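Student: Supplied in C-alpha cells, the structure appears directly below.
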Amino acid sequence: MISYQLRQREYLLQISRAMTARLDLPSLLGLILTSAADMVRGEAGVIALRSGESSTTLTIRASYGIPQTLLPRFAPLLSGFPVDAAEYAIPDLQVRLSKVVQSIRLPLHQVIALPLTFEERLLGVIYLFRSGGVEFSTNDRSVLVSFGDQAAIAVRNAQLYQQVSAEKQQLDAVIQNSANGIMILDPSLRIRAFNRALSRITGWPPEQAIGRPCYQVLALDEVVGKDICASDRAEVAFEGDEPAVAEGTLTRPGGARATVSVTYTPLYDETGQLSDVIANVTDITRFREAEEMKTTFVSVVSHELKTPVSLIKGYASTLAREDAQWDMATLREGLQVIGDEADRLNGLINNLLDASRIQAGAFHIERGDVSLPRLAEKVVESFRTQTTMHRFSLDFPPDYPCVVGDEERLRQVFNNLLSNAIKYAPQGGEIRVGGWVEADNVVAYVADQGIGIPQDEQGQLFQRFHRVDSSLRRSTQGAGLGLYLCNSIIEAHGGRIWLRSEPGKGTTVFFALPLENDPQ
Ligand code: ATP
Ligand code: MG
C-alpha cells in the first residue's frame, strides 16, 4: 500500500511537469484525464469545462473509457454550477450519477468528482468512475486534489494561450485584409509583417519584403514630412509617442510610380523601449492627380475666359470713346472681333458644360441616320472661310454607309478635330478628311501636316485639360477639352478614337463607329 502511494506521488510529479509543458488544450485534457484515471485506478472518466466565462453549465471536452455516443447522457452531471465556488462540492453527486447510470447501462457505480478551480473560479470538473468494488478512498481523494491544482493551472494556461492565439489570428486577419497598406517594423526598421494592400501599392511580394530594411521597400523620393524608414535610428526619430507622417513618391520594381502617404506610429514596451513601429501606407496617386487637375482647371479656364473677355472689353470701350470718330471699316472690324470672341467664349462654356455632364454621367446621345461624308463636307466648308493657308480635301468612298448616331455630337467631333488640325499646323499645308469601311465598322479620319505630337504625350491627350507643353501651345488658345469631348462622344456611340502622329510631319486622328449600332 505504501509503495502504491509512493508511486502515486512520483507519478504526480512527472505528470505535473508534462502538463505545464503542454499548451494545446485538447491534448492537455487527454493527458490530465488519463493520468488522473491512472492515479486512482478509475476505469472511465470525463473532463467537462465551463461552456463560457459566466455559464453555469459544463461541456464535456475529453472522455476516457466511454463510447462517444453515450456522452450526451452525462448531462445530469453538467448543470447547475455557480460561477465562483472556491471549495467545490457537487450536490447530490450520487443521485446525479444514478440518473446517468440508469440511462446508459454501463456499470459505473463509484464516482469521484474533482473540481478544477483557479483563483476561486470553477474552470471545470473531472469525473472518474469505477464499475464497482472498492470505493474511492480518502487517499485517492487527496492525491487527486493536489493533482487538480496543477491540472487547473495547466488548463488555465492552455486556455489563455488559445485565447491569445485566436486574438493574434484575428489581428493578423485584420492587418492582412485591411484596404490600407500596413507593415510592422522592428526597432531596427526591418519589416516584420507586410500586408496584401501594401504589396499592391509597392509591387513587392510580402515574402520578399519581410526581413528587409524598410528603406529598401518603401524608398520615397520628393519626401514631405518625416520619413522614418529613411532615418538611421527609429528611437530618436520619433517625438514621444506622436505618430510621424510623410508623403512621397515610390518607384515599383517594374518602374511604375505611385504617390503615397505614410503614418508611422511607435509602440513602446513597459520599460519605455521602442518595441515596434506600425506604418500605415495609403496610395494617394489619384488624389494628387485630382488636385493637379483642379489646379490646371482653374488656371486654364481663367486664362481661356479672360482672353476673350478682355478683348471684348477692350474693343467695346475703344469703339465707345466719345472723343473718337471711327470710320465704318474700323467699326466693322472691331465689331467682328467682339462677335468672334463672344463665339469663342460661347464655345468654351459649352465645352465646359459638356465636360461636366460627362463627369456627372449625364451625357446623352440622340440617335438618327448620319452620313459622315456629308457632315464632314459641311464642317470643312465652315472652316474654309477661316483660313487661307490650308488646303482641304475630302476622301470618302462612294459606298460609305450611314451610321446610327447623334449628328450634332458627331459634328462637334469633326469641329474639334478640324480646329486642332488648323491650330496645330500654323505653317499651313493640306488637311485631309476621309474614311473607309471595314467589316463591322466605319472609320473616319482628319489628317494634317502640322507640328505633330511627341510619342510620350500621345496617350494622355484624350484626358481632360491635357495639352502638350510646347511654345506653340503657349501661343495658341485652348482649354485641352476638344479631344476629351471627342473621345467621350465616340465612346458613347460604342466606338473608338486613336491617333498617329510624327513630330514635324503631322497628325492623323482616326475614329471608328460600329455599323450594327446597338443602342446602349
Ligand atoms: P480646346 O480643344 O479645348 O480648345 P486644345 O486644342 O488645346 O483646347 P485638345 O483639342 O483636347 O485641346 O488637344 C489637346 C492637345 O493635344 C493640344 O493642346 C495639342 O497640344 C495636342 N493636339 C491636338 N491635336 C493636335 C494636332 N492635330 N497636332 C498637334 N497637336 C495636337
Ligand atoms: Mg482642340
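Student: Taking a cut-off of 25 Å between Cα atoms, list the lysines near Lys306, but don't count ones fewer than 8 places away on the same chain.
Tutor: Candidates past the 8-residue exclusion: Lys294, Lys423.
Student: Considering only Gly132, Gln176, Leu58, whose Cα is most displaced toward the positive end of the charge dipole of the chain, charges sitting on Cβ of Lys, Arg (+1) and Asp, Glu (-1)?
Tutor: Gly132
Student: So if I average 1/r over every pair of distinct C-alpha atoms in the chain and take the inverse, what Kirkwood radius in Å does that give? Let's see the in-between values first.
Tutor: Details: mean 1/r = 0.0314 Å⁻¹.
About 31.9 Å, per the Kirkwood formula over Cα pairs.
Student: State in Å² the accessible area per residue of the range 368-514; use a 1.4 Å probe, count heavy atoms of protein chains only, and round to the nearest integer. Intermediate values should be presented prior to the final figure.
Tutor: Values: 6830 Å² over 147 residues.
Here the residues of the range 368-514 average 46 Å² of exposed surface.
Student: What residues have an amide H closer than 5 Å to that of Gly429, excluding those fewer than 5 places away on the same chain, when H is modeled at 1.01 Å from N in the peptide plane?
Tutor: For Gly429, the qualifying residues are Arg391.
Student: How would you rank 73-80, 207-214, highest first, on the average number of other Cβ atoms within 10 Å across their residues? Please report the intermediate quantities before stating the final value.
Tutor: Working: 73-80: 17.1, 207-214: 15.4.
Going by the mean number of other Cβ atoms within 10 Å, highest first, we get 73-80, 207-214.
Student: Rounded to the nearest 500 deg cm²/dmol, what is the calculated helix-only ellipticity per residue at 222 nm for the chain, with -39500 (n - 2.57) per DSSP H run of length n ≥ 4?
Tutor: That comes out to -14000 deg cm²/dmol.
Student: What's the magnitude of the charge dipole for the range 1-101 around its Cα centre, counting Lys and Arg as +1 and Asp and Glu as -1 at the beta-carbon? Answer in Debye, nearest 20. Walk me through the numbers on the way to the answer.
Tutor: Values: 10 positive and 8 negative charges, 44 e Å.
Dipole magnitude for the range 1-101 comes out near 220 debye.
Student: Also, I was wondering about something else. Taking only Cα atoms, what is the 0 to 90° angle, nearest 10, from helix 407-423's long axis to the longest principal axis of the chain?
Tutor: For helix 407-423, the angle is close to 70 degrees.
Student: Let's test this: bin the Cα-Cα distances of the range 1-142 at 10 Å from zero up to the farthest pair and state each bin's percent.
Tutor: 11, 41, 37, 10, 0
Student: Another one. How would you rank 456-465, 441-450, 148-157, highest first, on the average number of other Cβ atoms within 10 Å across their residues? Display every interim value, and only then the final one.
Tutor: Details: 456-465: 15.2, 441-450: 22.3, 148-157: 19.9.
Peptide ranking by packing, descending: 441-450, 148-157, 456-465.
Student: Where Rh is the Kirkwood radius over the Cα pairs of the range 368-514, the temperature 25 °C and the viscosity 0.890 mPa s, what D in µm²/s does Stokes-Einstein return? Walk me through the numbers before you get to the answer.
Tutor: Values: Rh = 15.4 Å.
Calculated translational D: 159 µm²/s.
Student: Measure nothing but the geometry: give the 0 to 90° angle between the long axis through the Cα atoms of 25-40 and the longest principal axis through the Cα atoms of the chain, rounded to 10°.
Tutor: On a 0 to 90 degree scale, this one is about 0.
Student: Name the GluC sites (Glu not before Pro) in the range 1-92 that are in a loop by DSSP and that have at most 16 other C-beta atoms within 10 Å, would you? Numbers along the way, then the final one.
Tutor: Details: sites: Glu10, Glu43, Glu53, Glu87; in loops: Glu43, Glu53, Glu87.
Hits after loop and neighbour filter: Glu53, Glu87.
Student: Sticking with this structure for a sec: Just how many % of Cα pairs in the range 288-360 lie over 22 Å apart, if you round to the nearest whole percent? Walk me through the intermediate numbers first.
Tutor: Numbers: 1052 of 2628 pairs.
Summing the P(r) tail past 22 Å for the range 288-360 gives 40 percent.
Student: Using the Cα centre as the reference, give the magnitude of the dipole from point charges on the C-beta atoms of the range 288-360 (Lys, Arg: +1; Asp, Glu: -1; all else neutral), rounded to the nearest 20 debye. All intermediate terms of the calculation are to be shown ahead of the outcome.
Tutor: Working: 8 positive and 12 negative charges, 38 e Å.
With only Lys, Arg, Asp and Glu charged at Cβ, the dipole is about 180 debye.
Student: Then there's this: For the chain, which cysteines have no disulfide-compatible partner, meaning no other cysteine Cβ under 4.7 Å?
Tutor: Lacking a cysteine Cβ partner under 4.7 Å: Cys402, Cys486.
Student: Next question, about the same structure. Would you work out which of Leu108, Trp326, Gly405 lies farthest towards the positive end of the dipole of the chain? Charges go on Cβ: Lys and Arg +1, Asp and Glu -1.
Tutor: Value computed over the given set: Leu108.
Student: Something else about it: Based on Cβ point charges of +1 for Lys and Arg and -1 for Asp and Glu, what charge dipole magnitude is obtained for the range 367-520 about its Cα centre, in debye rounded to the nearest 20? Mind showing how you got there, number by number?
Tutor: On the way: 16 positive and 19 negative charges, 147 e Å.
Result for the range 367-520 is approximately 700 debye, rounded to the nearest 20.
Student: Report the one residue of Ala209, Ala193, Ala219 whose Cα lies farthest in the direction of the positive end of the charge dipole of the range 183-229 (charges on C-beta: Lys and Arg +1, Asp and Glu -1; origin at the Cα centre).
Tutor: Ranked along the dipole, the leading option is Ala193.
The values are calculated or read from the model by the stated rules, or taken from the named source; none is laboratory data. Predicted, not measured: the structure shown is a model, and the values here were computed from it. Heads up, the Cβs are rebuilt from the backbone with ideal geometry, glycines too, and the neighbour counts pull from every protein chain shown. Surface areas here come from the heavy atoms of the whole protein model, side chains and all, with no ligands, DNA or RNA. Shrake-Rupley method; radii C 1.70, N 1.55, O 1.52, S 1.80 Å.
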